[in-house]
Structure formats: structure tokens, C-alpha cells
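The values are calculated or read from the model by the stated rules, or taken from the named source; none is laboratory data. In this text, all values refer to a predicted model and were calculated from it rather than measured experimentally. Here Cβ is always computed from backbone atoms with ideal geometry, including for glycine, and neighbour counts include all displayed protein chains.
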Amino acid sequence: MSKIKKTALIGVVGASVLTAGYYTFLKPSIQTTPSNQKTQNTNQVGNKEQKNTTNNATSSTQKGVTYKDGTYTGAVTRTNKGDFQVSVDIKGGKISNVNVLLQPNEEFSQSINKKALPKYVEEAIEAQSSDIALVSGASETFKGFKGSLQDALNKAK
């Protein structure tokens, strides 16, 4: 019986060594060196833009995007918790303000939106796009806000 235990232990240790060797083998190709660091950063930005374009073909992640001045109202975006609608104020070709026109009026949603919506507005102005981060616990608000915001920004192009 003790022979079986030793064999099993050797098998686990052998697998660990193999795994460690695998990571050691891959790690040098993942690490950046000063000579190729610029190339990798360019690829990361390109991949991010490509991902966002593929996601909805709507996200304006490019820093150089300018919009037509005015106020643009996004479409009503339906979520599992209710409908959202925003309007965007554009001044000098940039997002100057985002106003929430419609949001769910149910008490629980209101408590979540009270915390999440100001963050979403701030991030949209900072990013000058709908490329905003999800606030934990506010995924339906995120979907509704971002959907209506992107529709408004599409109108402003």
C-alpha cells in the first residue's frame, strides 16, 4: 500500500515540475524588453480598439473623435430593471455633460442608480465616449446608460 502512495506522490510532483517548466518556457516570450515594448503597447491599443469596434461597432475609443455641437438624445434602452434614456451636451466638439432623462423608478433600482449613474456620467465625460467601466452591482444600469449614450453619440458624429 505504501508503494502506491509513493507512486501517486511522484506523479503529482512530476506534473508540478512539468507545469513549472511550461511556464518557464512561455514566460520569456511574454515578458517585454525595452526594444519591443513600444510594439507591444501599440498592439494592445489596436486590439482594444478592434475589440470595441467589434462589440457594437459604436464605441468611440479614439481620443481624436470630435462631435457636432448640440444636445443629442439617445434612444430609450430597455433593460431587465426598466428603461433608460440619456441626452448628451456637446460643446467644442467634446462631451460637456450627460443628462439622465429616464431611469427605472422602482425603489431598489433608484438606490443603485443614485450611486452608479454619477460615476457613469463622470467616466463618459472623461473618456469622451461610451467606453466606461461597469460599477459592481449595477449591470442593468450600465447596459441601459451605455446603450442610450452610444445612440446619442452616434447622432452627434
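Just a few scattered comments:
- Scanning region 138-154 for residues that are surrounded by fewer than 18 Cβ atoms within 10 Å (Cβ to Cβ) and either under 16 Å from SER96 (Cα atoms) or over 15 Å from the mean Cα position of the chain (by Cα) (or both) returns a single hit, ASN154.
- Per-region count, region 118-145, residues more than 21 Å from LYS68 (Cα to Cα), outside any helix (DSSP H, G or I) and not β-branched (Val, Ile, Thr): 5
- Top-ranked residue of region 117-137 - restricted to ones that are small (Gly, Ala, Ser) and surrounded by 20 or more Cβ atoms within 10 Å (Cβ to Cβ), ranked as nearest to GLY93 (Cα to Cα): SER129
- Counting only strands (runs of 3 or more DSSP E) that fall entirely inside region 69-117 and contain at least 3 residues that are modelled with pLDDT of 95 or more and β-branched (Val, Ile, Thr), the qualifying elements are 82-91, 94-102.
- Against the test of being among the polar types (S, T, N, Q) and farther than 13 Å from SER148 by Cβ, the options SER87, SER96 yield a single qualifying residue, SER96.
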